[in-house]
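Encoded as structure tokens, the structure appears first; notes follow it.
A short reminder: the numbers here are calculations on the coordinates, not readings from a lab. Because the structure is predicted, anything quoted here is derived from the model rather than measured. Glycine also receives a Cβ, built like all others from the backbone with ideal geometry; neighbour counts cover every protein chain displayed.
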Amino acid sequence: MHYKSIDIFCHIIDNFGDVGIAYRFAKEFKLAHLSCDVRLFVSDLRPLKGILPVIDSLQTVQEHEGIVFVDSTKLDNILVDALGTADVLVEAMGCEIPEAVMKKAEQRDTLIINLEYLSAEKWIKEYHRKPSLLPQARLKKYFYMPGFTSESGGVIIDSQVEMSRQSLSDDRIKHLNSHLKNFGISLTDTKDTLFGSIFTYARGFDTFLSDIGKIDKTIYLFIFGQKSRESMIQSLHRAQAVIMSDAHYTLKNIQVLIMPFLPQTVYDQFLCLTDFNIVRGEDSFVRAILSGKPFIWNAYLQENIYHRVKVEAFLEMFSNYFNDDIAFKNYSELLLEFNQAAEEQQVQTTRERYDNFFEDLNKINHATREMSYFIRFNCDLVKKLTGFLNQIQMEMVQ
């Protein structure tokens, strides 16, 4: 790739979700193009600090891991003049580029990539890599649509997790015990146990706890995120769980462990260590698929329960990886009912049951592994975007 610089803009709406995707993209793009100058402009550095602890949320411009991070709320004409603009500007999740930057970009042949939200919906094919008309003649803008097929823009593959995947599997007990020791727990084997992670929007877990309480295994649940934590604690209180500590609850065969905030790469590795994951939004959803482990997806809630349309589109695509029609039917019913909530509440408003999910765990595991394999080899967003940028550059030269 001959572009020498890229600026990525992120306007935070879903707190860690949006900035998590933007940072992951910046990191992987830099690793793939070491000679390229990569900058990430963020509207709020505080969530970024949670993901990347070395960030100083009060500093306007700083550099870490070869990436320059900029507080975009501090951008004015003077700072933009000092920073200049890159060859490529990326609107992460369709955010707007600040006006001062756009005025500067108009003075040169700048390329703008509108990196949209992930979707399995079929309509994205009509917009992927298509140009967007701009009034400024020197600017060129294209839509780039992430997705799960070869025809889409792909998803961000985290190279660090890919490199450590096998060692995580080989040393599973050691890695799990490194997290369990903070709760005074140490395991010697995992044959009679199940491990699951939970990171969702606000919802009731009453039915979930009731159903897994009937499983003839010890189940460890690792709870991530404020909304999951508060919701789970409410469900545990209603079920009259035993409080071991502020971060440890016991209910029948279930050990519920409230986890501290982990750096992005550590959370990614954690998803590979568990037997199942319940995840939310976009970033953790993609990580769960790439982990190759069974998962339940809590889609980002939208008006009129439109998020179910996105779930249905994903299920239609995911069905191609199942060998058992009944197992897929059971899984599909669970995911659709799980996402039936019209709004976030800490009480049980949906009527899903989890019995079939755990009975079919191996079949779902197989399907997820197959999908993960396909994505890693056919849907690497950074590689696909690099090819697209090269194509555009060749067309501009001609």
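Taking amide H positions as modeled 1.01 Å from N, with prolines and chain starts lacking one, the residues under 5 Å from Ile8 and 5 or more places away or on another chain are Arg39, Leu40, Phe41, Val90.
Taking other C-beta atoms within 10 angstrom as a stand-in for reagent exposure, Val19, Val38 fall in the order Val38, Val19, fewest first. One chain, two ends: Arg238 and Ser186. Fully extended at 0.36 nm per residue, the span grows by 15.9 nm beyond their Cα-Cα distance. When you filter the trypsin sites (Lys or Arg not before Pro) in region 178-241 for DSSP loop state and at most 11 other Cβ atoms inside 10 Å of their Cβ, you are left with Lys191, Lys214. Once the convex hull of all Cα atoms in region 159-378 is built, its volume per residue stands at 120 Å³.
When you restrict to C-alpha pairs under 8 Å that are six or more residues apart and normalise by the size of the chain, the relative contact order lands at 15 percent.
Under a Cβ-only charge scheme (Lys and Arg +1, Asp and Glu -1), can you give me the dipole magnitude of region 229-387 about the Cα centre, in debye to the nearest 20?
Dipole of region 229-387, to the nearest 20 debye: 300 debye.
Placing unit charges on the Cβ atoms only, positive for Lys and Arg and negative for Asp and Glu, gives the chain a dipole magnitude near 360 debye about its Cα centre.
Here the contact order of region 86-166, divided by its residue count and restricted to Cα pairs under 8 Å and six or more residues apart, works out to 27 percent. Taking the helices alone, the chain has a mean residue ellipticity at 222 nm of -12500 deg cm²/dmol, built from -39,500 (n - 2.57) per DSSP H run of at least 4 residues and averaged over all its residues.
What fraction of the DSSP beta bridges in region 5-145 is antiparallel, stated in percent and rounded to the nearest 5? Let's see the in-between values first.
Working: 6 of 31 bridges.
Expressed as a percentage, antiparallel bridges in region 5-145 total about 20.
In units of the compact-protein estimate 2.2 N^0.38 Å, the chain shows a Cα radius of gyration of 1.03. Taking a sphere under 14 Å around the Cβ of Ser72 and counting the other residues whose Cβ falls inside, with K and R at +1 and D and E at -1, yields a net charge of -4. A straight line joining the Cα centroids of region 86-164 and region 7-62 runs 16 Å.
Partners of Lys125 within straight-line reach, counting aspartates and glutamates whose Cα lies under 13 Å from its Cα and excluding those fewer than 8 residues away in the same chain: Glu116, Glu151.
Give, as a single signed number, the net charge of other residues whose beta carbon lies under 11 Å from the beta carbon of Gln264, with Lys and Arg counted +1 and Asp and Glu -1. Walk me through the numbers before you get to the answer.
On the way: positive: Arg24, Lys27, Arg287; negative: Asp158, Asp268, Asp283.
Charge balance near Gln264 sits at 0.
Among Tyr144, Tyr300, sorting on how many other beta-carbon atoms sit within 10 Å of each Cβ, with the fewest leading, yields Tyr300, Tyr144. Return the percentage of antiparallel bridges among DSSP beta bridges fully within the chain, rounded to the nearest 5 %. Counting DSSP beta bridges with both partners in the chain, the antiparallel share is about 25 percent. What does the charge count around Asn114 come to, taking other residues whose C-beta lies under 12 Å from its C-beta (Lys +1, Arg +1, Asp -1, Glu -1)? Overall, the nearby charge balance is +1.
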